[in-house]
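Sharing a structure here in structure tokens format.
Values in this text are rule-based calculations from the coordinates and carry no lab data. As the structure is a computational prediction, the values presented were derived from the model and not from experiment. No Cβ is skipped: glycine too gets one built from the backbone with ideal geometry, and neighbour counts run over all protein chains shown.
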Amino acid sequence: MRSSYFRNLFFTTPDGLTLYARDYPGPSPEAPVVLCLHGLSRNSRDFEDLAPALQASHRVLVPDQRGRGRSDYDSQTERYLPQTYVVDMLQLLDYTAVVQCAVLGTSMGGLMAMGLNALAPERFTRFVINDIGPDIAAGGLERIKAVVGTKMVFADWPEAAGYVKAANSAAFPGYRHADWLRFAARACTERDSQVALDYDPGITAPMRGGSAGAAPAELWPLFDTLVDRPLLLIRGEISDLLDRDCVAQMRRRHANLAFLEVPGVGHAPMLDEPGVVDQVTEFLTSG
């Protein structure tokens, strides 16, 4: 049986916020570490299936980025940028005395993974990037900008499940009602006798100023810092954010890139799809 034990960890950022992370202990104090980074409007609960599986071989750190989950909201919304989050994650590694680790990043977390390696390459060993690349498909980006932060509060869990289904059904056409309830439980929290999406709507403020607020303008130089690192790229088969042309270019630039396409899902695979956990675990433990 997989352990799901984690301890709650709180640390302070250089600009004074208190951020939260789940710390799943590994099989020994010397176990390698993997840092799991969620997407734009998500939180640490996205990895509640994957993290226990990785505990067999790794210590797993799963933070809530500022403005999400149990982490502080930032009153200066212009700081809601991947560049800020990268500095926060280096602070988390310093706080936990982690010298080196692997990084797994979904969507925005994948952009952060590239930034982390560019800023401190000596601290990172291998990378899993989930459904994001240096060329971000315009259609997918516009869809995200149109949805995130537009409706935040629901009367109850069934209403919340209905909302996340309406917003994400194209990406997960095989989901049933129970799956949407579970999706809502990961994305939302109970607050003031209502159910609310578990993030600060202010995270969208930089995006409203244009795509440069969603991601650095030029990402290929960041990706190129990974070309000598073990890298697994995951894509949802029907993703609208990572297109196949971008994947082909990534594979040309990174000759040893491992690639996994998850059938029947879009942006972004939840990493609990059949066989995905095993393939991620195999990649992280190889070599």
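Can you list, bin by bin at 10 Å, the percent of alpha carbon pairs in the stretch 78-167, starting at 0?
Over the stretch 78-167, the share of Cα pairs per 10 Å bin runs 14, 36, 27, 20, 3 percent.
Residue farthest toward the positive end of the dipole of the stretch 139-286, with Cβ of Lys/Arg at +1 and Asp/Glu at -1: which of Leu260, Pro221, Leu284?
Result: Pro221, furthest along the dipole toward the positive end.
Just from its helices, what would the mean residue ellipticity at 222 nm be for the chain, if runs of 4 or more DSSP H residues each count -39500 (n - 2.57) and the sum is divided by every residue, rounded to the nearest 500 deg cm²/dmol? Please list the in-between numbers first.
Working: 10 runs with 93 residues, N = 287.
Using -39500 (n - 2.57) per qualifying helix, the result is -9500 deg cm²/dmol.
Shifting gears a bit: Could you work out the relative contact order of the chain, using alpha carbon pairs under 8 angstrom and six or more residues apart, expressed as a whole percent?
So the answer I get is 19 percent.
Take the eigenvalues of the Cα gyration tensor for the chain, scale each by 5, and report the square roots as semi-axes in whole Å, largest first. Display every interim value, and only then the final one.
Details: eigenvalues 128, 98, 84 Å².
They are 25, 22, 21 Å, listed largest first.
Among the DSSP beta bridges whose two residues both lie in the chain, what percent are antiparallel, rounded to the nearest 5?
Values: 18 of 39 bridges.
Among the beta bridges of the chain, antiparallel pairing accounts for roughly 45 percent.
How far, in nm, would the chain grow between Tyr5 and Val98 when pulled straight, counting 0.36 nm per residue and subtracting the alpha carbon separation? Don't skip to the end; give the middle numbers.
On the way: separation 93, 0.36 × 93 = 33.48 nm, distance 1.95 nm.
Working it through step by step, the gained length comes to 31.5 nm.
Moving on. How many nm is it between the label spots at Leu90 and Ala178, if each spot is 7 Å from the Cα in line with the beta carbon?
If labels sit at Leu90 and Ala178, their model points lie 4.6 nm apart.
Quick one: Val33, Val60, fewest Cβ neighbours within 10 Å first, how do they rank? Walk me through the intermediate numbers first.
On the way: Val33 19, Val60 27.
Fewest-to-most Cβ neighbours within 10 Å comes out as Val33, Val60.
So, one more: Collect residues whose amide H, placed 1.01 Å from N in the peptide plane, falls under 5 Å from the amide H of Phe124; neighbours closer than 5 in sequence don't count.
Amide H to amide H, under 5 Å and 5 or more residues apart or across chains, Phe124 pairs with Cys101.
Name the residues whose placed amide hydrogens come within less than 5 Å of the amide hydrogen of Glu261, ignoring near sequence neighbours (fewer than 5 apart) on the same chain.
Sorted by chain and number, the residues that satisfy this are Arg235.
Also, I was wondering about something else. Enumerate the amide H contacts of Ile238 below 5 Å, restricted to partners 5 or more residues apart or on another chain; note that Pro and chain-start residues carry no placed amide H.
Distant-sequence amide H within range of Ile238: Gly264, Val265, Gly266.
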